[in-house]
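Every number in this text was worked out from the coordinates using simple rules, so none of it is lab data. These numbers were taken from a predicted model, which means no experiment stands behind them. Quick reminder, even Gly has a Cβ in these numbers, built from the backbone with ideal geometry, and neighbours come from all protein chains shown.
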């Protein structure tokens, strides 16, 4: 037989409401408990981090202290180190600045080429030289060009013969000191550009100044031997003594008389014995 | 009231309350805890970074101690070798009298010149170096005012660093000897640290000529003398033999003819008489102090003039 509940629904809703409310209270308590649990967990991790921090703090402080001591010692010894370094650099400068340059140039100088001056200045070395023949000048250039310590070789030379070459032409009959008495030949000026420039001299003016000083002090005018047109009257006036003159910068051959010094362009100094040859 | 709430209402209310409570708790206790944790982690990272430097710092300290000890040891050697004891007294007046007036070879300029000359003489014997311009080695007059002495270059006072610079001209038998000579300057003792620069070589062996500039740097070991404020001096010319470096040229018009030379000074080093303003002349302490000829000082240092102490003025006659 079918049983029919005829009681109205609100009879049972009271109990349902109560159960639902209890459910939500429980849910609320669970939420609160969850957050509290999470906080406890986070606090635990934080405590671990703090503990680790505290464990490392003495080391950190010690490191700071040691570094501060090191810095203080370095600061205290900076002056004495500066003085020491200056003396060291000065001693090194006196013994290793010019000697390698000079000896290197000497080692790359061909036999037969004589120097009358050598002047290191910064990145260049200027030399006044003499060679008996043009072939020696050429070979000197070829040899010096292979010098690994030299990046560029520049030469100033005058007195090259025009063509046809006069009979008995033997370069400049007179020149500067290195040439043997009465010998012909060629005076020329060489400018070598060094790969490694000559450093400035060390200087010391007080605390913390032991570095290199102002470069140079090694300057003087070029010697200008090669370009002075001492070549027996073969050069035109316009080309004589021009600084920076290089090989081959002779006047056009057609403008020069074969006799050297008798052509219409020639009015410059003539070496004795060259005119009318 | 409660009887009017349906179950749906209770669900909605419960949900809203749960959300509000959850959000409230999150934004209060949880975020605070997270912030604290983050801060702690940041602190830990910083401390960790510092702590990680402990080995480096330990090595740095050891290195600093080693460097200092090494520098002190090396400097001790260098100082003994290169830096002279100039002989400063406690005050400038005593120092002036003892060290900067001719003193039988014991004054500083006389000792300095003697030291350099001895070196060049040794170079002559060892490397065959001929010193062609010994007259370049001159020191300027220091004037009559002990408080305004420039022991080295102008403006250097009594130190702590002094410089002397000379253009040298030498003749060497060959290139090797010349290079040895350049190097030999480092062996010079008790005259400061010499530095050679500006080398120029000309000529040929065995008459190889070289010019260069040698600069002596002296880091003064002596205690800098205290000035004597009650003393001032004024005077004229530099006396003889002191013009070589172009430093003097103290005006003043003191024109005692050829006053005495410093012992050991080379003849021919005489400079222009006082009153010739040099390009790098030291400033005159006084102008117009013309002493009668023949009454000038015999020493090169004072150049005559007056020395006043405490307002009283005493004319120097020696």
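Measuring between their Cα centroids, region A:23-65 and region B:17-41 lie 12 Å from each other.
Quick one: Cα centre-to-centre distance for region A:116-136 and region B:140-190, in angstrom? About 31 Å separates the Cα centre of region A:116-136 from the one of region B:140-190. Residues A:139, B:181, B:9, arranged from fewest to most other Cβ atoms within 10 angstrom of their Cβ, appear as B:9, A:139, B:181. Remark: B:50, B:66, B:114 ranked as B:66, B:114, B:50, counting other beta-carbon atoms within 10 Å and listing the fewest first. When A:169, A:188 are arranged by Cβ crowding within 10 Å, least crowded first, meaning fewest neighbours, the order is A:169, A:188.
Computed over all pairs of different Cα atoms, the Kirkwood value for the hydrodynamic radius of region B:3-94 is 21.3 Å.
Ranked by the mean number of other Cβ atoms within 10 Å per residue, highest first, peptides A:34-41, A:121-128 order as A:121-128, A:34-41.
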